[in-house]
Amino acid sequence: MTGRVVRFTVTERALHWALASGYLLLLASGLPLMAPSLQSWIRGYSPIIGERLHLASAIFWVVAMLAVLAVGDRRRIVRTLTEMRRLGGDDRRWLVRFPRWLVATPTERARLDRAVGRFNAGQKVNALFTLVTAALLLITGIALWPFGAGGLWRAAHRWLTLLVLIPIAGHVFLAVIFPSTRQGLTGMLDGRVDREWAATHHPRWEPK
């Protein structure tokens, strides 16, 4: 079994990178505003400019995703989201075994993945978590600007920011560093992954 198979379309990849790049820009511009101690690490930092950069990042984030949805294959996005929101018994068992999966040998990890389709349960939960927290961050951000709300809205925005840091770090680790899963990164770069890798870690997925 050799060759490569298509895992993500152009629209899926564009939406992923629009969301991810905007998210990273928002974190980079927002963390110094949330934690003023970080401002001393940035030469010539200005809170006013920092706020404007954060606002510009938010606008870019929303506009980029809307642009992808406007010109891309929306049906494909709907199908992918439908796949991701389905959490069955096999998914729940995979989540329970996730700590074991992380430290398993390649052979044992393949055995634990034997019921995995196009997405494993961790990818599904991460996607749903990202969509929900992104929506909440956008809502609380709009409440802060242009409506100028404070108090609970500001606290909620800060706590949500802290909440997303660990999953983002975990996602980057699994995508870029972890040997068993980093091969899948090519799927988000050129759309294709190794056929043998897909058969090992996503055996119930039937590439088309």
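When 86, 97 are checked against the criterion of being touching a residue at least 12 places away in the same chain (Cβ under 8 Å), under 25 Å from residue 183 (Cα atoms) and under 19 Å from the mean Cα position of the chain (by Cα), 86 stands alone in meeting it.
Put simply, of 69, 15, 27 the only residue that is closer than 19 Å to residue 166 by Cα and either more than 16 Å from the chain's Cα centre (by Cα) or of a type outside the set (Gly, Ala, Ser) (or both) is 27.
Of all the residues in the range 159-208, those that are over 16 Å from the mean Cα position of the chain (by Cα), buried (at least 16 other Cβ atoms within 10 Å of the Cβ) and in a helix (DSSP H, G or I) number 5.
Checking each residue in the range 95-122 for being over 21 Å from residue 81 (Cβ atoms), hydrophobic (A, V, I, L, M, F, W, C) and in a helix (DSSP H, G or I) picks out 96, 98, 101, 102, 103, 110, 112.
Taken as a whole, the structure places residue 46 among residues that are modelled with pLDDT under 95 and farther than 30 Å from residue 194 by Cβ. Quick one: is residue 127 in contact (Cβ under 8 Å) with a residue 40 or more places away in the chain, on the phi < 0 side of the Ramachandran plot, part of a helix (DSSP H, G or I) and surrounded by 14 or more Cβ atoms within 10 Å (Cβ to Cβ)? So residue 127 passes the test.
The values are calculated or read from the model by the stated rules, or taken from the named source; none is laboratory data. Since this is a predicted model, take the numbers as computed values, not measurements. Counting neighbours? That spans all protein chains shown, and the Cβs are built from the backbone with ideal geometry, glycine included.
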